[in-house]
Amino acid sequence: MLIIQEERKEKVVFTNITITRGDAATLSLPIYEYDANGNKQAHSIASGESYAIQVREAPITGSGTAPAIKINGSVTSTVGQTAVTWNISSSDTELSVGRYYWDAQCTVGGKNYTFYQGWFYIFQEATVTT
């Protein structure tokens, strides 16, 4: 089971993801940019940009030690495309059932920009296959 709920607020897409423990998923995350008037348009990935997506037990706060990364998955970004692809393996989601925090960032010219964030829920599984 994979459920994605989105709510757009200004330049960040608040997205809650629900997945069953032990399941795999592939998500395509569109990227947008905004002009000086606040108008949204698709962003084409350029050479030199890098993308990272992480799931943690809690968001990073203050200057303390960051909570452990629970899922990195695999992020694919292709020059000229307007979305990144996030592949999550079934072993990535073999976490304790519960609520985690996730976000997606782009790094351009040494600056980080968050373009998605939200809660990442792991639900219990009932069927186990071998």
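In this structure, is Gln117 surrounded by 12 or more Cβ atoms within 10 Å (Cβ to Cβ) and either over 16 Å from Ala68 (Cα atoms) or of a type outside the set (Gly, Ala, Ser) (or both)? Yes: the conditions hold for Gln117. From the list Thr78, Thr107, Thr18, the lone residue that is touching a Ser or Thr at 6+ places or on another chain (Cβ under 6 Å), touching a residue at least 12 places away in the same chain (Cβ under 8 Å), surrounded by fewer than 16 Cβ atoms within 10 Å (Cβ to Cβ) and of a type outside the set (Lys, Arg) is Thr107. Note on segment 71-126: residues that are closer than 15 Å to Asn16 by Cα and of a type in the set (D, E, K, R) amount to 2. The set of residues in segment 21-38 being of a type in the set (A, V, I, L, M, F, W, C) and either in contact (Cβ under 8 Å) with a residue 24 or more places away in the chain or not in a loop (DSSP other than H, G, I, E, B) (or both) consists of Ala24, Ala25, Leu27, Leu29, Ile31. Taking the criterion of being assigned to a loop (DSSP other than H, G, I, E, B) and either of a type in the set (Ser, Thr, Tyr) or exposed (fewer than 14 other Cβ atoms within 10 Å of the Cβ) (or both), the residues of segment 39-53 that qualify are Asn39, Ser44, Ala46, Ser47, Gly48.
No value in this document is a laboratory result; all are computed from the given coordinates. Predicted model only: the values in this text are computed from it and were never measured. FYI the Cβ positions are ideal-geometry reconstructions off the backbone, even for glycines, and counts take in every protein chain you see.
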